[in-house]
Every structure is written in structure tokens, then in C-alpha cells.
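Single-structure report; data block below.
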Amino acid sequence: MTKRKRVVVLMSGRGSNMEALMAACGEPDYPAEIVGVVANRAEAKGLETARRAGIATAAVPHRDFADRAAHEAAVSAAIAEFEPDLICLAGYMRILSAGFVRQWNGRMINIHPSLLPAFPGLHTHRRAIETGCRIHGCTVHFVTEVMDEGPIIAQAAVPVLADDTDDALSQRVLVAEHQLYPLALALVAAGSARVEDGRVVHEGAVQPQAGVARLVSPPGWREAVDLEKLARMTP
Ligand code: GRF
């Protein structure tokens, strides 16, 4: 068995992306494991989900701290306890300082509900509908100092339907998010996604086909990750 990368998930609420990552980590040949979940709200539903699955959690409510820097220092300490290799932001609704981001450069990834660089920030689904987009989707990217920017690891597209509401479109995107995030984490954990000149290069990954785009690019994590190479990784 190869050594799995230790992952801490940071989140603020529902935690459905965290659940998708948990499910993937339950697969015996998945190259990562969730060793801890940290939330900035004690009442975050995802904390309870993680606890029920036997995953260690830490609640670090931002309201308990005098300022942003003090809160982030406490979050950082909570993360360090878990000795992670990688951090996954999954609906973590706090802005991270440049210093924190630099510390985790190349080892922290985020999922955002739009096809970046379109629609960084909030209310992406409403903005996509209002703009008249025919395609919307989600992106997993390495985190850099600029919010919702950074080298793109993988993206998934969904159609925008004529009678779409915010809710309907966000549900459709969420289904794609749950497929995309496990794929992107597998690529990073397996060492197949490398940043070169500010862009991600996928080594050994199955490349997307030319022509009509697939829903998820690249495709599922099993196809995208070189399992033989993984098996050769030293424990
Ligand atoms: C997701 O839409 C994610 O893309 C965004 O925040 C939302 C979190 O949802 N960053 P959940 O907590 O994972 O259910």
C-alpha cells in the first residue's frame, strides 16, 4: 500500500464537498486520506458529518477572536496538529492572509462554483444566469494570494437551462463539484498535477479529447492517475 497524502479540509457550513472527498478517501487505492476537518463555525453541519465518520475535527469560531490575524493563527495551529501534507478548502468562507497562502503554496487547493476566471467571488450562479451564459460549472485550483485565482487543476461544465433558477443551477453545479473535487485532489496527491509557468501540467494523466468537451476535464480520478506509478511510490 502506498503512503497516502494527509489532508486537512477547511470548511464553514454544509460540507457536501468534504463528504465527496471522504467517500473518495474510502476507496482503497485513493492516494489521499482526510486526517482532520477544521471549521470557523462551531455549528457547521459538516463538522458533525465528519465526527460521525470518525474523522478528527476542530472548531475555531472566528467570533472568539479579536481580529482576523489572531483567528488565522489559531486556525493555523489547529491545522498543524494534524500534520497534513495538503489542505483542501471546501466552502471555507474566510479570507486567508498572504502569509498563510505562501506557507501552503502548491499544497492548498480550493473548489469554486464557476468556470474561472469567470465569476470569482459570491453569487456565481445568479451572475451566470444574468449574464446569459449557456455553460456554467466549477473549478478546482491551487490557492494563490488573489482570491479565486491560481493555477487551474480541473474544471467541470454544466449547461445553463432556459428556465434555470439560482437554486436549480447551483444544484446542477454541485453534482459536478462532487465529481470534480475527488479527481483534482487525486491528481495533486499522486503528484500528477504540477505547476509550470503559472499553469498546471498533468503528468501521466489521461488528456481530455479534442472536439466536444467532456463534462469533466480531465476525466475521473482512476483514469487520470497513474495507478502503477502510485503503487511504486515508497511508503
Ligand atoms: C460549494 O459550492 C463550493 O464550490 C463553494 O462553497 C460551496 C460549499 O458547499 N466554495 P459545501 O459546504 O461543500 O456543501
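Taken together, the values in this text are just the output of simple stated rules run on the coordinates, not laboratory data. The model shown is predicted, which means the values in this text are computed figures rather than measured ones. Note that each Cβ is placed from the backbone with ideal geometry, even for glycine, and that neighbours are counted across all protein chains shown.
The table below lists the values:
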item: D (Stokes-Einstein, µm²/s), Kirkwood Cα radius, the chain, 0.890 mPa s at 25 °C; result: 135 µm²/s
item: Dipole of the range 1-116, positive direction: furthest Cα of 88, 35, 69, with charges on the beta-carbon; result: 69
item: CD proxy at 222 nm, helix term only [per DSSP H run n ≥ 4: -39500 (n - 2.57); per residue of the chain; nearest 500]; result: -10000 deg cm²/dmol
item: The range 5-124 shape via C-alpha gyration tensor axes, a/c threshold 1.5; result: rounded
item: Dimensionless Rg/Rh of the range 111-161 - Kirkwood Rh, Rg from C-alpha atoms; result: 0.97
item: Net charge contributed by nearby residues that have their C-beta within less than 14 Å of residue 174 (K/R +1, D/E -1); result: -3
item: Antiparallel %, DSSP beta bridges [both residues in the range 2-147], to 5; result: 20 percent
